[in-house]
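Note sheet for the following structure.
The values are calculated or read from the model by the stated rules, or taken from the named source; none is laboratory data. What you are looking at is a predicted structure, and each value in this text was computed from that prediction instead of being measured. Glycine gets a Cβ as well: all are built from the backbone with ideal geometry, and neighbour counts include every protein chain shown. Areas reflect the complete protein model, heavy atoms only, side chains present, ligands, DNA and RNA absent. Shrake-Rupley method; radii C 1.70, N 1.55, O 1.52, S 1.80 Å.
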Amino acid sequence: MKTTAVLLTPLLVCLFVIVASSDEVRVRSSGGVPRIEIDGKPVRGRMFYGYSGYGVLDVETEPRLAECKFTGLIDDPNGASLHIRFQREANTIRIGELRVVDLDSGEEMISRCDFENGMESFRKDWNVWPQGEKNTVGNVDIVPRKDGSGKAMEISLNHPKIGEWPDFHVYHQPRLAIRQGHRYRLSVWVWAEKKTTVFLGLFRPSAGFGKAAHFPEILTSQIKLAAEAEIDFVSVAIGLPWSQPGVDSTMPIKKILLDCRTALDANPRARLIPRVSVGVLPWWKHANPSEMMVFEDGKMSDSFEVASEKWKKDASERLGLLIERLEAEFGDRMAGYHLTGQCSGEWFYENGWGSRYHGHAAVPKEAFRAWLRKKYPTDETFRTAWKRSDVSRSEAEPPSPERRRAMEKKGVLLDPATDRDIIDHNAALQDIMVDGMLAMARVVREKTHGKRLSIFFYGYSFEFMSMPRGPAASGHYALRRILDSPDVDIVAAPISYFDRNLGGGASMMGPTESVMGAGKLWLVEDDTRTHLNRANIVGQFHHAKNSWESRQLLLRTSAEVAVRNYASWRMDLCGAGWFDAPEMWDDLKALKPFELEALKHPKPYRPPMAVVVDESSTLYVAHGGARATKPLIYDGRASLSRSGVPFGQYLLDDVIDKKVQAEMFVFLNAWALTPEQRKKLLASTAGKLRIWCYAPGLIDPERGFDLDAMHQTTGFRFEPYRTTGPAKVNPAEAGKQKGLKTSWGCKEPISPLFSVTNAKPEETLAVWPGGYAAVVLRGKDLYCGVPCLTPELIRLAAERAKVPVATEDNVVYYSNGKMIFVHGTKDGPVKIRWPQAVVFRDLLDAKTSKKGRELNVDLRLGETRVFTVGP
């Protein structure tokens, strides 16, 4: 193929290999703790992620000459365009004299643009986007400069009255000349009514607005700051150099190499982990329309169909060539490869959060049928399971969107007696996603000879419980297959987008301790929107307002990573310098001695409370089931983190297999259990306190809903409880005596619900309206029929389990016995109790220490304090 030849030619000539002292970078476990090892030596799993995005100019209220430098990526004599973007806020920005000089040739790309001829000057060389009615925020005029020395372009910005803020920007007409490899300096007189940031980019409109210039300054600055904190793993975002057949295009690979060299120039110790998108380019989409995702409305997605064998073959080939090139070019400066695909690169189905279904085109339909042939050995067994005599495995149709939506009226859970087709399709979606991921993982293993890290986003088992079409729409519930694969080292996820604000818990998205227990490393993406979130391009929610807030949020995540033995990276999501200040790295410097000690003497994080999710039961959640799974599992993490009891997050099969050591277990969704699973689960947790949530054991996977199976699971007897009102409970007298003061529950009606029929008054902690027992504690079994947990209920259960509660002040609290951290959920004092007398030492202020069994801390809202605990 011509495309292979195009990429191979630069692959095999003029190779530049950086000499280093190491060769193999992998994850291995020691003492039950997975760590990154370089040639067998464990190292801190701390990283920085960034990319050369925009040029960034900070604008003051008084005129000043601002500058930035960039490098040409292409040769184009007259087709480049300079774009100027602005923060999405009301302001007035004025741009006076602007020029761009080629530092290598001395020529001017833009010669002294001074707007002396008013709007005629602007219209000659500049324009705005969008135009007409779609431009709801911006206006451009030419006005005199404040000092009277000339004129300036004035950009007036106002919030849109209706709708979202458009991608408003000012751009130079696409007739600028740029030369590949040449260095340029842009200088401009600029000022504004209030301090702001301006973003610069150079593009080539004739080539789909591809990047024409590389702006390295923000990326380089942050890599250097990370290096000062001895953070040497660096990740940069790249795509596959996937040229169209017959088109000789070497620009993508040159941009990739330039980004990698930029990182290594900024930190010669750096070890690279490129974040590689295995998504397809527009030309591939148009050449292979049958291999793309298609939704129920007939609209084609820009995402490949993960079931496509054509995509797997082509992407594997291009990925293999890229890895060969990078390994040859940079040698053992390469530490691994983080492969991304599907929605936002995080391996969940495109439109997973949306309302449209997919899967009825030929490629996914045949993949579903292949899955059925693998599950059911014969058509007869298949027909028996589906209770249909008129269909075969090779003719089965995925459940229609209309049928799926109809389930919402029936209730939260699918019944295998009547809904087997939906349940099977839910299961197939998970396996099909993982099949595609593991195909890419094998390429990394083969092309690096097993010497590099293989990293994937996956396992958002808690986070996706809020998806409106049900969590199975994500494809993230086959984590066990990822954990069993020898081709994956690290499973990654951001901190939760729920409860990450100042005063929040910043919870983990997945069953992290099961990942660690399988010998894989959990990697936390810390994309905290610091006060340096100047881009305003992505996720303004929960961003810090000042340096103090930024540091508290970063320390909160960094401390949890240290306590639970995870890895993490700081992610400058917009390439706009979110961590571009020395103080943004102080927490990692302070944590370094603790983390190095943990590498020498690894100790697994084994908290007293195990919070458990079941992948299989998730497949039984119907369309609209988030009205129960969201408050229980997604939102429930807030109550767990504020309970004062350290907890870990696990998969149910690990508990069944006796791999989890804990004093109390919270079974969030143990709803679908076989008789053998019930038997093993009870045996593995005998003598421990068990919190059974919502509908434990209700679903027999072979027979359907079974109240007797709930009795066998929990020891309680049940009957349906029906209500048209919100699913809320009120404390009973026994609950009030034990500290339950207020009603709690869900805002919406939920079906099914259950009450306990054999509960004694002294066992009944809370009741449904009408007095029916809803929350019952008998011995060491606690049933919570409302799909919602509270910190008070968890503490009550911990008291019965004789598990120490460190604090009852509802602050965010974690501990591994050697380190504790608290994050203030409000202003005020916090009391922390310890089982025995110890010395508490403030990690950030070594002079602050306290002896005893209690530690009193005066916290501000959002303040994070970290203490080491010693004899």
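For this structure, a couple of remarks:
- Selected residue (criterion: nearest to residue 698 (Cα to Cα)) from residues of the range 659-675 that are polar (S, T, N, Q) and out of contact with any helix residue (DSSP H, G or I) (no Cβ under 6 Å at 6 or more places or on another chain): 674
- Of all residues in the range 718-750 being farther than 20 Å from residue 787 by Cβ and touching a Leu at 6+ places or on another chain (Cβ under 8 Å), the one that is least open to solvent (accessible area, probe 1.4 Å): 734
- Check on residue 845, charged (D, E, K, R), assigned to a strand (DSSP E or B) and open to solvent by 30 Å² or more (accessible area, probe 1.4 Å): no
- When residues in the range 386-414 are screened for being over 17 Å from residue 473 (Cβ atoms), surrounded by fewer than 21 Cβ atoms within 10 Å (Cβ to Cβ) and charged (D, E, K, R), 7 of them pass.
- Pairs meeting the criteria (first residue in the range 689-711 and over 18 Å from residue 777 (Cβ atoms), second residue open to solvent by 40 Å² or more (accessible area, probe 1.4 Å) and of a type in the set (A, V, I, L, M, F, W, C), beta carbons under 8 Å, at least 6 apart or on different chains) are 698/705; 698/707; 699/705.
- Residue 399 fulfils the conditions (1) in a loop (DSSP other than H, G, I, E, B); (2) at pLDDT below 95 except for a single criterion, (2).
- Filtered residue count, the range 219-239, keeping only those that are within 14 Å of residue 258 (Cα to Cα), assigned to a helix (DSSP H, G or I) and polar (S, T, N, Q): 1
- Breaking point among (1) at negative phi; (2) open to solvent by 10 Å² or more (accessible area, probe 1.4 Å), for residue 670: (2)
- Among the residues making up the range 449-466, those that are assigned to a loop (DSSP other than H, G, I, E, B) and either open to solvent by less than 10 Å² (accessible area, probe 1.4 Å) or free of Cβ contacts under 8 Å to residues at least 40 places away in the same chain (or both) are 449, 452, 458, 459, 460, 461, 462.
Residue-wise test of (1) surrounded by fewer than 20 Cβ atoms within 10 Å (Cβ to Cβ); (2) closer than 30 Å to residue 332 by Cβ.
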| site | (1), (2) |
| --- | --- |
| 163 | yes, no |
| 166 | yes, no |
| 178 | no, no |
| 188 | no, no |
| 191 | no, no |
| 201 | no, no |
| 219 | no, yes |
| 238 | no, yes |
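- One residue alone among 211, 255, 224 is under 30 Å from residue 570 (Cα atoms), surrounded by fewer than 21 Cβ atoms within 10 Å (Cβ to Cβ) and at pLDDT 95 or above, and that residue is 224.
- Where strands (runs of 3 or more DSSP E) fall wholly inside the range 51-122, the ranges with 3 or more residues that are open to solvent by 10 Å² or more (accessible area, probe 1.4 Å) and more than 25 Å from residue 146 (Cβ to Cβ) are 76-86.
- A single member of 329, 296 is open to solvent by 10 Å² or more (accessible area, probe 1.4 Å) and in contact (Cβ under 8 Å) with a residue 60 or more places away in the chain, and it is 296.
- Scanning the range 130-153 for residues that are open to solvent by 30 Å² or more (accessible area, probe 1.4 Å) and outside any loop (DSSP other than H, G, I, E, B) returns 132, 133, 134, 139, 141, 144, 151.
- Filtered by the rule that a residue be assigned to a helix (DSSP H, G or I), open to solvent by 20 Å² or more (accessible area, probe 1.4 Å) and in contact with an Asp or Glu (Cβ under 9 Å, 6 or more places away or on another chain), the range 265-289 gives 282, 285.
- For residue 807, the test of being open to solvent by 20 Å² or more (accessible area, probe 1.4 Å), in a loop (DSSP other than H, G, I, E, B) and among the hydroxyl-bearing types (Ser, Thr, Tyr) is failed.
- Selected residue (criterion: surrounded by the most Cβ atoms within 10 Å (Cβ to Cβ)) from residues of the range 784-804 that are assigned to a helix (DSSP H, G or I) and either in contact with a helix residue (DSSP H, G or I) (Cβ under 7 Å, 6 or more places away or on another chain) or hydroxyl-bearing (Ser, Thr, Tyr) (or both): 794
Results for (1) of a type in the set (A, V, I, L, M); (2) within 26 Å of the chain's Cα centre (by Cα); (3) under 26 Å from residue 101 (Cα atoms), shown as yes or no for each residue.
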{"residue": "194", "(1), (2), (3)": "no, no, no"}
{"residue": "200", "(1), (2), (3)": "yes, no, yes"}
{"residue": "210", "(1), (2), (3)": "no, no, yes"}
{"residue": "231", "(1), (2), (3)": "yes, yes, no"}
{"residue": "243", "(1), (2), (3)": "no, no, no"}
{"residue": "256", "(1), (2), (3)": "yes, yes, yes"}
{"residue": "260", "(1), (2), (3)": "no, yes, yes"}
{"residue": "264", "(1), (2), (3)": "yes, no, no"}
{"residue": "270", "(1), (2), (3)": "yes, yes, no"}
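- Going through (1) open to solvent by less than 10 Å² (accessible area, probe 1.4 Å); (2) assigned to a helix (DSSP H, G or I); (3) within 26 Å of residue 523 (Cα to Cα) one by one, residue 262 falls short only on (1).
- Condition met for residue 631 (farther than 26 Å from residue 744 by Cβ and open to solvent by 10 Å² or more (accessible area, probe 1.4 Å)): no
- Within the range 611-654, tally of residues that are assigned to a helix (DSSP H, G or I) and either within 19 Å of residue 498 (Cβ to Cβ) or touching a Leu at 6+ places or on another chain (Cβ under 9 Å) (or both): 20
- Counting only strands (runs of 3 or more DSSP E) that sit completely within the range 655-768, those holding 1 or more residues that are of a type in the set (A, V, I, L, M) and modelled with pLDDT of 95 or more correspond to 664-667, 689-693, 728-731, 753-756, 764-767.
- Within the range 19-73, restricting attention to residues that are more than 30 Å from the chain's Cα centre (by Cα) and among the aliphatic types (A, V, I, L, M), the residue that is modelled with the lowest pLDDT is 19.
- Meets criteria (farther than 22 Å from residue 424 by Cβ and either without any contact (Cβ under 8 Å) to a residue 24 or more places away in the chain or surrounded by 19 or more Cβ atoms within 10 Å (Cβ to Cβ) (or both)) for residue 383: no
- Residue match in the range 824-831 (condition: within 21 Å of residue 609 (Cα to Cα), modelled with pLDDT under 95, open to solvent by 10 Å² or more (accessible area, probe 1.4 Å) and in a strand (DSSP E or B)): no
- Every listed requirement among (1) over 22 Å from residue 811 (Cα atoms); (2) buried (at least 21 other Cβ atoms within 10 Å of the Cβ); (3) of a type in the set (A, V, I, L, M) is met by residue 682 save one, (2).
- Only listed residue being without any contact (Cβ under 8 Å) to a residue 60 or more places away in the chain and among the small types (Gly, Ala, Ser), chosen from 96, 106, 79: 106
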